[in-house]
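Shown next, in C-alpha cells, is the structure this report addresses.
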Amino acid sequence: MAEPGRLRALRRRFREALGRVAGHPRVAALVNRLDPSSVRTRTTLAACASVAVVLLTASAALLLVLRANLQHTVETGAREQAAAIARLATDGHLTQQLPLDHGTDFIQVVDAHGTVIAASQNLAGHPVLPPTGTQSGHSTFNLGVLGDEHHQGVTTVTADTPDGPVTIHVGASLRTADAAEDLTTAALGGLCSLLLVTVGVLTWRTTGRALRPVEAIRSEVAAIGDRDLDRRVPRPRSQDEIARLADTMNAMLERLEAAGARQRRFIADASHELRSPLAVLRTQLEVARTHPDPEVRADMVAGALQDTERLQDLAGDLLLLARLDASGHRLAGEAVDLADLVRTIVGARTGDPHPVTVDTPDDADATVTGNALWLGRLLTNLLDNAQRHARHAVTVLLVADPPGGRLTLDVTNDGPPVDPADREKIFERFARLDDARSRDDGGTGLGLPIARDIASVHGGTLTVLDTPSGTTFRTTLPTAADGHR
C-alpha cells in the first residue's frame, strides 16, 4: 500500500519541479520568444521554409543531372564494348571466352536458338540469363549467378554472323555511379542542414535585434498611464522605419499631453467661471429673500436674472464646444450662401452700440458647404467681439475668390490693435486680455475659440491681423465646389 503513495509523491514533486522550471523568468522569456504567433518566430520559420524549398529543388536537380551523366558514361562504355563484340561476331572471330573491359561486369552472346555461344569468364558454363523486365529502355536480368548483387546497366545489341543472328548482352557496373550519388546526397544533406541552421540562427538573431526597439517602444507605451503623458518612448539611433515609428509615437504623446493639459485647464477655468456667477446669484437671492425693501428685492432679482442668463449662455457655449470637439476636423453639411447669411445676420441685429457696414459680392458665387447655424454663430461671435472693442464703427467684408476656391470674411473694428504676442492667446478658451471689461460686457471668454473651432470644422481658418482700418478678424473658408473635391 505504501508503493502507490510513494509514486503519487514522486509525481507531485515532478509536477512541482516542472512548475518551478516553467515559472523561471528565463524559461518564460524563451517560451514567449518561441511563440508561433510572434513575428520573430514566423519570420524565422518563413525564411527557413523558403531556403529549404530552394535547397531541396536545387539538390534534386543536381542529383538528377549527376545521375544522368554517370549513367550516360557507363552506358557509353557498355555500348562501345557491345559494338566491338558485334564486329567480332560479324567477322566470324568470336571466341567462347570474352575479356571484360574496365567497368564491365559480364558479357553473354546468345544465338537464335537460345544457346550461349560466348561469354565472359565469370559466366562461363552458365545458362542464358533470364530477363526479369525492362527499365529505362533496357532489359534487366537476374544476376544472382554472379554472387555479387549491385546496380547494373545492361546493354543489348544484335549482330549477323556467318552462322546466323546473335544477341549480345553487356552488363556495365553502376557501383561507382551509385557511390558517387550516395556521397553527393550525404554531402548535400549535411550542407543543406548546416545552411538551414545558419539561416535560422541568423534570421532569429537579426529579427530579434530589429524588433528589440519595437519591444522597448511597446513596453514604454504599456507603462504610460493617463497621468504619465510626459514620458516618451525610446528612439533608436538608426534612421529606419522603427525610428520614424518612435518619432510618430512621441509626437502623438506630445499631442495627448497637450490635449490633456488643455482639458484640465478648461475644466478648471469652466469650474471657476461657473462658480463665480453661482456664488453671486446665491448671494443676490439670499439678500433679496431677507431684505425688507421691495425695491431692493426687485433690483436683486433683476441682477439674479442677468447672472442666470450669463450662466445659460456659458452652458450653451460649453455644449457647443463639446459638439465642435466631437465633430472632427471636417463637417459634411448643406450648401450655404454665405453672402445671404451675412446680410441676414447683420440686418437682424439690434441695439449694437456701433454701426455695421456690410460689403458682400452680388454676382460671385459665395456658397460654402456646412452648417448654417454654426456659420451664423461664427459671424455673431466675431460681431460681438468687434462691438466690444470698436471705437466708432464695424465693417464686414466678404470676398469671393473662385480661382483659389476660397472665401474670405473680414470683420474689422476701429478699436485698439491686438499685441502680436497675444494674437494666439485670444483664441484660447476663457482667455481675456482685459478681464474686467470682458466681465462687464458679458463676455464668457469662449466667443473667439468657438469661432475658430467652427472655421476649423468647415475646413477653414480664423486669424487676427492689423489693417489700415483697424483690427481685422479674417476667416477663410473653401467654396462648395472646392469642398467636394
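Among LEU341, LEU285, which is the only one that is within 30 Å of ASP410 (Cβ to Cβ) and either in a loop (DSSP other than H, G, I, E, B) or at pLDDT 80 or above (or both)?
From the options LEU341, LEU285, the qualifying one is LEU341.
Condition check: loosely packed, with under 13 Cβ neighbours inside 10 Å and under 30 Å from LEU375 (Cβ atoms). Does ARG310 satisfy that?
So ARG310 fails the test.
Given the residues PRO99, PRO130, which is the only one that is in the same structural domain as THR155 (by TED's automatic domain parsing), more than 60 Å from the chain's Cα centre (by Cα), over 16 Å from ALA172 (Cα atoms) and surrounded by fewer than 20 Cβ atoms within 10 Å (Cβ to Cβ)?
Matching residue, one of PRO99, PRO130: PRO130.
Consider THR357 against the criteria (1) touching a Ser or Thr at 6+ places or on another chain (Cβ under 6 Å); (2) modelled with pLDDT of 80 or more; (3) part of a helix (DSSP H, G or I): it satisfies all of them except one. Which criterion is unmet?
The single condition THR357 does not satisfy is (3).
Looking only at residues in segment 128-163 that are in contact with a Ser or Thr (Cβ under 7 Å, 6 or more places away or on another chain) and modelled with pLDDT of 80 or more, which one is nearest to ALA179 (Cα to Cα)?
Here the residue is VAL154.
Taking only pairs six or more apart or across chains, which ones have beta-carbon atoms under 7 Å, a first residue in segment 70-81 that is within 23 Å of ALA159 (Cβ to Cβ), and a second residue that is modelled with pLDDT under 85 and in a helix (DSSP H, G or I)?
Going by the 7 Å Cβ cut-off, the qualifying pairs are VAL74/ALA177.
From (1) under 21 Å from LEU70 (Cβ atoms); (2) modelled with pLDDT under 85, pick out the condition that doesn't hold for LEU191.
(2)
Considering every residue within segment 262-276, establish whether at least one is over 30 Å from SER59 (Cβ atoms), among the β-branched types (Val, Ile, Thr) and either in contact with a helix residue (DSSP H, G or I) (Cβ under 9 Å, 6 or more places away or on another chain) or not in a helix (DSSP H, G or I) (or both).
no
Taking THR360 as the residue in question, decide whether it is touching a residue at least 24 places away in the same chain (Cβ under 8 Å), among the hydroxyl-bearing types (Ser, Thr, Tyr) and in contact with a Leu (Cβ under 7 Å, 6 or more places away or on another chain).
Judged against the criteria, THR360 is a match.
Residues checked against (1) modelled with pLDDT of 85 or more; (2) among the polar types (S, T, N, Q); (3) in a helix (DSSP H, G or I):
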| residue | (1), (2), (3) |
| --- | --- |
| ALA47 | yes, no, yes |
| VAL51 | yes, no, yes |
| ARG67 | yes, no, yes |
| GLN71 | no, yes, yes |
| THR76 | no, yes, yes |
| HIS102 | no, no, no |
| VAL110 | yes, no, no |
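For segment 236-251: of the residues being modelled with pLDDT of 85 or more and touching a helix residue (DSSP H, G or I) at 6+ places or on another chain (Cβ under 9 Å), which is surrounded by the most Cβ atoms within 10 Å (Cβ to Cβ)?
Looking at residues that are modelled with pLDDT of 85 or more and touching a helix residue (DSSP H, G or I) at 6+ places or on another chain (Cβ under 9 Å), I get ALA246.
GLY125 - would you say it is assigned by TED's automatic domain parsing to the domain that holds VAL74, under 60 Å from the mean Cα position of the chain (by Cα), modelled with pLDDT of 75 or more and loosely packed, with under 11 Cβ neighbours inside 10 Å?
So GLY125 fails the test.
Among the residues of segment 402-416 satisfying the criterion of being farther than 18 Å from LEU375 by Cβ and surrounded by fewer than 16 Cβ atoms within 10 Å (Cβ to Cβ), which is modelled with the highest pLDDT?
PRO416
Would you say ALA279 is closer than 30 Å to ALA298 by Cα and surrounded by fewer than 13 Cβ atoms within 10 Å (Cβ to Cβ)?
Considered against the rule, which asks whether it is closer than 30 Å to ALA298 by Cα and surrounded by fewer than 13 Cβ atoms within 10 Å (Cβ to Cβ), ALA279 comes out as yes.
Cβ-Cβ below 9 Å, separation at least six or inter-chain, first residue in segment 258-280 and on the phi < 0 side of the Ramachandran plot, second outside any helix (DSSP H, G or I) and among the acidic types (Asp, Glu): which pairs?
Between residues of segment 258-280 that are on the phi < 0 side of the Ramachandran plot and residues that are outside any helix (DSSP H, G or I) and among the acidic types (Asp, Glu), the close pairs are GLY260/ASP226; ARG262/GLU428; ARG265/GLU428.
Using beta carbons and a limit of 7 Å, which pairs, at least six apart or on different chains, have the first residue in segment 177-204 and in the same structural domain as VAL39 (by TED's automatic domain parsing) and among the aromatic types (Phe, Trp, Tyr) and the second one surrounded by 12 or more Cβ atoms within 10 Å (Cβ to Cβ) and assigned to a helix (DSSP H, G or I)?
Between residues of segment 177-204 that are in the same structural domain as VAL39 (by TED's automatic domain parsing) and among the aromatic types (Phe, Trp, Tyr) and residues that are surrounded by 12 or more Cβ atoms within 10 Å (Cβ to Cβ) and assigned to a helix (DSSP H, G or I), the close pairs are TRP204/ARG40; TRP204/THR44.
Could you please let me know if ALA386 is surrounded by fewer than 17 Cβ atoms within 10 Å (Cβ to Cβ), within 21 Å of VAL346 (Cβ to Cβ) and touching a Ser or Thr at 6+ places or on another chain (Cβ under 8 Å)?
No, not satisfied.
The values are calculated or read from the model by the stated rules, or taken from the named source; none is laboratory data. Nothing here was measured: the structure is a model prediction, and the numbers come from that model. Methodologically, a virtual Cβ is constructed for each residue, glycine included, from the backbone with ideal geometry; neighbour enumeration extends over all protein chains shown.
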